[in-house]
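All of the numbers you see were taken from the coordinates with simple rules; none came from a lab. All of these numbers come straight from a predicted model, not from anything done at the bench.
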Amino acid sequence: MNIKKILLPVDGSENSKRAAQAAADLAKVHNAEVDVVHCYTRLPVGEDKPEDIVAMYRDYFKSQGTKHTELVYDGTPGEIIPEHAKQKGIDLIIIGSRGSTQLAGLFLGSVTTRVLHTAPCPVLVIR
């Protein structure tokens, strides 16, 4: 498998942080670039701003020497992630099995499930 572009959806959860480690590792092996993407629809009181969430990953990727791009979208992650992958020619999506809310699904979060069913490329789920 030729991997040059990796899409990493992030939300600040522990699973998302583990997915970032996997993305950095694979990016090193394949000399790939990582698109770090955060999606939001609204900000509940007390939640981090979208830029703050993406910034959490900035230092990590810099410390790993991983070439990456940071993007923030206003919209539904389950729709935006597959569309970004299609538009940008992503070779692999690496996503956490569940995000920061524990309400969605017992085994896989609703966003992860949606991405698995609609992504135009392989998806690696990290837990």
Checklist entry - With θ set to phi - 60° and the Karplus curve 6.51 cos²θ - 1.76 cosθ + 1.60, what are the ³J(HN,Hα) couplings of region 27-40 in order, to the nearest whole Hz, using x for Gly and Pro? => result 4, 5, 4, 9, 6, 9, 9, 10, 8, 8, 10, 10, 10, 8
Next on the checklist: Please compute the length gained on full extension between V29 and V72, using 0.36 nm multiplied by the number of residues separating them and subtracting their Cα-Cα distance.
Outcome noted: 12.9 nm
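Under the 0.36 nm per residue contour assumption, what length would be gained going from the current alpha-carbon distance of A55 and T41 to full extension?
Value of the extension gain: 3.2 nm.
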Item to check | Rounded to whole Hz, the Karplus (6.51, -1.76, 1.60) HN-Hα couplings of region 85-96, x for glycine and proline | outcome: 4, 5, 5, 9, x, 5, 8, 7, 9, 10, 9, x
Item to check | Amide hydrogen neighbours beyond the local backbone of H68, cut-off 5 Å, H modeled | outcome: V34
